[in-house]
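Take a look at the structure below.
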Amino acid sequence: MNPFNNRRYVVLGIFLTVSLIFLGRLFYIQVIDDSYKLSAKNQALRYVTQYPVRGLIYDRNNELLVYNEAAYDLMVIPKRIKRLDTLAFCNLLGITDSAFDEKIAKSTSYSRFKASVFEKQIPADEWATISEKLYKFSGFFGEKRTLRKYPKSAAAHVLGYISEATPGDLKKDSYYQKGDYVGKRGLEKEYEKRLRGVRGRKVLLVDVHNRAKGSYMNGKYDTLPIAGENLISTIDRELQMYGEQLMRNKRGSIVAIEPSTGEILSMVSSPGYDPNLLVGRPRSKNYKMLQANDSLNPLFNRSINAMYRPGSIFKLVESLVALDEGVITTETRFRCNRGIIGCHGSHTNDDLVPAIQHSCNPYFWNVFKRLVQRGKYSSIFKDAAYGLNLWQERVKKFGLGVQLKTDLPGLKKGNVPDVAFYNRWYGEYRWAFSTIYSVSIGEGEMLVVPIQMANLAATIANRGYFYEPHLIKSIGADSVKRPEFTIRNETEVDPEYFDPVIEAMYKVVNEDGGTARRARMDSIEVCGKTGTVQNEPWPDHSVFIAFAPRENPKIAIAVYVEYSDFGGTWAAPISSLMIEKYLTGEVKRPEKEKRILDAVFLDIYDGKKEQ
């Protein structure tokens, strides 16, 4: 038998099998699967991105802070442009010939065959006129988008803004495509993935004039967008607007917190800006204008980024740490020796409560000395390092010198100087209490951001604990709350030591000799502490923290007014007005309100750089 006969059958079998595979695949492509048919019709189809509705943002009382308004992007496919009347097209859009050439060149460099944005964020009323005549210009079509709108033009630094995705954004997250918009600051950035939703796609049939003639295959290949989730913020819109009004023509900030929850009721940074400026076609021009204003720096969020010395409000922390460490008692007295450090007012030999009430500098010079010089080592340098290490660990428990876990990106942590800090400055074991004593009154190397000081007021109001200050109450229909904002942070100071400190804060506001009498109200017991932060040769910063009412506090607040004056002169009455507004819903002290509204501090030192 010929051995090649068997091989012939094997080869025939292979050819037969391959042929059947090809025939089956051909049948599947031509009869069952429409995708190749779809690809073949690409020249007659338009793929339109269906952008999801971005989630809305409400205040704590369900009042709108941010909503969406219809807008359109004008898209272009350079390959499909035929016999374009450039003059008529430019007149329709209100652009110059050079702007047209620049935009076409940019789109062509991206792709001659793929759609890209020619003109973005055209408001609906303008689009109505443009769309009527767009059929005359082949290669151009519209995609529906939305613009963010701010009904009360408030809380710009809290809300942030959105802008077109950068190459870095596209690289970092594969979800984004060229022309997408991304949250860039504030809540828009922090909650971007919850707000943005999921895009869809519509496939349209178009005629030779690029006019849509309906859905392809009855929408078989369309996908629906999924709307972004709504956010319920902790902000009280009316209180926020009032705070912005009070801080008009001033540099500084206001942060107000609900002590029992850590929810931020108001966060004002001044000078601010109208968030509607960063929306729509004028956005780029307006952003450059805001960015170029160096002397006012309205884009800078002082509430979370500006670092200041705390001044005398830090004496509250010194008192609590010293009591808990046992280096003083409430009866401990120190003579007001103004030869060691300057002071003010008529007091001579206070114990703790009146020392806080009168803000006695020599008293707290002595308190800090006892905290730092513990007598552990014979060397004053080693002893100071030992004491300072214990001190800074206790101070950080109050949320100072650490980055709070708030839901605004970019929060600074300030500075609580430690041993390593001073070793870098002066050299190891070459510094002692006498080198660093200015920290005792919140000066020197101590730095805080306003949100930390509002959180300090909330911590004292709670008698020793705080919740991380945050801006969102709930997310989406299920009212989800981030779990990290429900954790109680303890200062580890015995609650009994807060009573004398709170008594002193009450006297600061409500009794003769207190430094914040301008914050007093007959109907509400306010507890507070002033600070006057030195800025030689310029005027001092006016600083005040407070909470109210004294029992079962509902609001804690910190106010900084830059280059103004003594803490009780400006920051204290601003706090008082904010407290009255929040707790009663109205302000019944028009003269006090007018004094604040009429005050102008923007021109005291023009061009002072932020720290």
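Any read-out appearing in this document is the output of simple, stated calculations on the displayed coordinates, not a laboratory observation. These numbers come from a predicted model, not from an experiment. Positions of Cβ are backbone-derived with ideal geometry, glycine not excepted, and every protein chain shown enters the neighbour counts.
Counting Lys +1, Arg +1, Asp -1, Glu -1, what net charge surrounds Asn510 among other residues with beta carbon under 11 Å of its beta carbon?
Summing Lys and Arg as +1 and Asp and Glu as -1 gives -1.
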How would you rank Trp391, Trp431, Trp425, going from fewest to most other Cβ atoms within 10 Å of each one's own Cβ? Trp425, Trp431, Trp391
List every DSSP H helix in the chain whose Cα atoms extend 27 Å or more along the helix's own long axis and whose mean Kyte-Doolittle hydropathy is at least 0.0. 4-27
Quick one: if you stick a label point 7 Å off each Cα along the C-beta vector at Thr261 and Ala44, how many nm between them? 5.9
Dipole size in debye (nearest 20) for the range 46-233 around its Cα centre, Lys and Arg Cβ +1, Asp and Glu Cβ -1? 700
Using a simple spin-label model with points 7 Å from Cα along the Cα→Cβ vector, what separation in nm is obtained for Glu536 and Cys90? 6.3
For Lys405, give me every one of the aspartates and glutamates with a C-alpha distance below 14 angstrom, ignoring sequence neighbours fewer than eight places off in its own chain. Glu190, Glu263, Glu468, Glu484
If R₀ is 25 angstrom, what is the calculated FRET efficiency for the pair Ser379 and Asp351, using the beta carbon separation as r and rounding to 0.05? 0.20
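Based on a Kirkwood Rh over C-alpha pairs, give the Stokes-Einstein translational diffusion coefficient of the chain at 25 °C and viscosity 0.890 mPa s in µm²/s.
87
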Put +1 on the Cβ of each Lys and Arg and -1 on the Cβ of each Asp and Glu in the range 71-194; which of Thr108, Phe137, Leu74 then has its Cα farthest toward the positive end of the dipole? Thr108
Using only Cα atoms, locate the centre of the range 250-292 and the centre of the range 385-419, then give the distance between them in Å, rounded to an integer. 26
If the chain between Glu325 and Asn415 were fully stretched, how many nm would it gain, using 0.36 nm times the residue separation less the Cα-Cα distance? 30.2 nm
Roughly how far apart, in whole Å, are the Cα centres of the range 490-508 and the range 162-188? 47
Nonlocal amide H pairs with Leu65, under 5 Å, H built at 1.01 Å: Ile57, Tyr58, Asp59
Given H placed on each backbone N at 1.01 Å, which residues far from Leu265 in sequence or on other chains put an amide H within less than 5 Å of it? Ala256, Ile257, Glu258
Along the Cα-to-Cβ line of Leu390, 7 Å from the Cα, sits a label point; which residues in the range 482-515 have backbone N less than 14 Å from it? none
Compute the length gained on full extension between Ala124 and Asp207: take 0.36 nm times their separation in residues and subtract their Cα-Cα distance, giving the result in nm to one decimal. 27.4 nm
How much length, in nm to one decimal, is gained on full extension between Glu525 and Leu583, taken as 0.36 nm per residue of separation minus their Cα-Cα distance? 19.7 nm
If I take R0 = 56 Å and measure r between the Cβ atoms of Glu445 and Lys79 in this structure, what FRET efficiency does the formula 1/(1 + (r/R0)^6) give, to the nearest 0.05? 0.35
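Where the eigenvalues come from the Cα gyration tensor of the range 286-370, what are the semi-axes √(5λ) of the equivalent ellipsoid, largest first, in whole Å?
Numbers: eigenvalues 304, 45, 18 Å².
Value: 39, 15, 9 Å, ordered largest first.
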Count the net charge of all other residues whose Cβ sits under 11 Å from the Cβ of Arg309, scoring Lys and Arg as +1 and Asp and Glu as -1. -3
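Sorted by average packing, counted as other Cβ atoms within 10 angstrom per residue and highest first, what order do 175-185, 487-497, 347-357, 546-556 take?
546-556, 347-357, 175-185, 487-497
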Among His470, His344, which comes first, then next, by fewest other beta-carbon atoms within 10 Å? His344, His470
Near Ser379, within a Cβ-to-Cβ distance under 13 Å, what is the net charge of the other residues, with Lys and Arg +1 and Asp and Glu -1? +2
With each label point set 7 Å from Cα along the Cα-Cβ vector, what nm distance links Glu591 and Arg248? 2.2
Cα lying deepest toward the dipole's positive end in the range 46-233, options Val203, Thr86, Pro123, charges on Cβ: Val203
For Cys336, Cys90, which order do you get if you count the other beta carbons within 10 Å of each Cβ and list the fewest first? Cys90, Cys336
